[in-house]
Amino acid sequence: MNIEVVRDYYGKVLQTSSDLKTDACCTTAPMPDYLKAALSNIHDEVLAKYYGCGLVLPEALAGASVLDLGCGSGRDAYALAQMVGAAGNVVGVDMTDEQLSVAEQHVEWHRQRFGYAEANTRFVKGYIEKLGELGLPPESFDLVVSNCVVNLSPDKAAVLRGAYDLLKPGGEMYFADVYADRRLDEDIKNHPVLVGECLGGALYWNDFLETARSCGFLDPRLVSARTLEIHDPDLIEKLGAACFVSATYRLFKLSELDAGCENYGQTVIYRGGIPHHEDVFHLDAHHSFPRGEVVPVCGNTLRMLSDTRLKPYFELIGDFTRHYGIYPGCGTSNPFVTVQMQQAAAGDSSKPVPMSPCC
Ligand SMILES: C[S@@+](CC[C@H](N)C(=O)[O-])C[C@H]1O[C@@H](n2cnc3c(N)ncnc32)[C@H](O)[C@@H]1O
């Protein structure tokens, strides 16, 4: 994959989101009201150049330090800047001057709009494969986010390793990206429009999981997924049977996680208190915690709730002294199966099943 092709696509070819040829770099998920309210405080020029594919909305952000990889014109950075509040901060990184200059031009406008004494958002020019060269202190971020960018990188492992190094222990990478249901042919991987539209560089989802684990993120959790629809006849022909999803994963930096889900007889109770998630907290697509309910969990899930910023919101019962074997049913991290389950739950059999031609 050629990085100049990507820079040209986002700097010169695309002027606004209406220039996109597929819905890969669009967000069609329903937005919660608090995100709509945050977006109403964001400058129109920033919004016009939004090319994200999912909702990058981790919970419990007050006071957090957040790094946005491939921030583009800054929409997510400015939305998150409101959620972390004046005590938190957001740093956006991007390699494309045209995108970055839109983000940078509006720092002061947003500071005033948010009513902060000092701006809590700044932008840095750089490559996401070389995060170590940006002068950002190691282990200094609570969260690394990204929206439809990692697929564009020629070295995805370098991106994940760099993110891991910049996260505090217990921090997490929470990001939306595009994945394929198979390893793509070289002609798809090198097709400039398919690359620019975030399809050509998409990893086969199972290769992504393996890469994430090898970079230290031992138990990737799938938050949400949706299938992408391609309508352009030329692109459909080029892609053949390959199918794509936009998926959001959360990758915790927790060095003690087991390789699989193991049963130590632990349970947790959500106390409530996470803003906008008072009644139920969804850790991922397969773990929901209604307030006050005693919920059995595997050891890894317990660590995600106890060794991270989520700890104050949970009562944790049990420890790791006795092992009861494999934990049944922690759910899959395969986004295609998850989409299928969501469609079945919604009673929607009209859409094509994952793992078969669906574009
Ligand atoms: C699909 S756009 C998404 C932008 C932004 N996250 C959003 O949601 O609007 C991809 C962005 O990633 C940037 N990008 C792609 N590859 C990059 C790399 N290797 N290093 C830094 N930025 C990169 C592009 O310049 C572009 O702004």
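The values are calculated or read from the model by the stated rules, or taken from the named source; none is laboratory data. All values derive from a computational prediction rather than experimental measurement. Neighbour counts run over all protein chains shown; Cβ positions are idealised from the backbone, glycine included.
Data overview
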| item | result |
| --- | --- |
| Residues that are within 14 Å of the chain's Cα centre (by Cα), within 14 Å of the ligand (Cβ to nearest atom) and over 22 Å from D8 (Cα atoms), drawn from the range 120-172 | V144, V145, L160, A163 |
| Hey, E278 under 22 Å from P328 (Cα atoms), exposed (fewer than 13 other Cβ atoms within 10 Å of the Cβ) and touching a residue at least 12 places away in the same chain (Cβ under 8 Å) or not | no |
| Any chance E129 is of a type in the set (D, E), in contact with a helix residue (DSSP H, G or I) (Cβ under 7 Å, 6 or more places away or on another chain), over 30 Å from G272 (Cα atoms) and in contact (Cβ under 8 Å) with a residue 40 or more places away in the chain | no |
| Any hit, the range 158-177, residues being buried (at least 21 other Cβ atoms within 10 Å of the Cβ), among the charged types (D, E, K, R) and closer than 19 Å to C198 by Cβ | yes |
| Yes/no for R111 being charged (D, E, K, R), more than 9 Å from the ligand (Cβ to nearest atom) and in the same structural domain as D207 (by TED's automatic domain parsing) | yes |
| Top-ranked residue of the range 35-53 - restricted to ones that are in a loop (DSSP other than H, G, I, E, B) and at pLDDT below 95, ranked as nearest to A225 (Cα to Cα) | C53 |
| Residues of the range 197-250 satisfying the condition of being under 18 Å from S153 (Cα atoms) and part of a loop (DSSP other than H, G, I, E, B) | E197, C198, L199, G200, G201, A202, C215 |
| Filtered residues of the range 220-254 (kept if among the charged types (D, E, K, R) and touching a strand residue (DSSP E or B) at 6+ places or on another chain (Cβ under 6 Å)) | R221, R226, R250, K253 |
| V102 vs. criteria part of a strand (DSSP E or B) and within 15 Å of the ligand (Cβ to nearest atom) | no |
| Scan of the range 57-68 for residues that are buried (at least 24 other Cβ atoms within 10 Å of the Cβ) and either more than 15 Å from the chain's Cα centre (by Cα) or near the ligand (Cβ under 8 Å from one of its atoms) (or both), ordered by number | D68 |
| Residues of the range 69-99 satisfying the condition of being within 13 Å of the ligand (Cβ to nearest atom), closer than 30 Å to V280 by Cβ and either free of Cβ contacts under 8 Å to residues at least 12 places away in the same chain or in a strand (DSSP E or B) (or both) | L69, V90 |
| Criterion (buried (at least 19 other Cβ atoms within 10 Å of the Cβ), in contact (Cβ under 8 Å) with a residue 12 or more places away in the chain and of a type in the set (D, E, K, R)) met by exactly one of D155, D207, D181 | D181 |
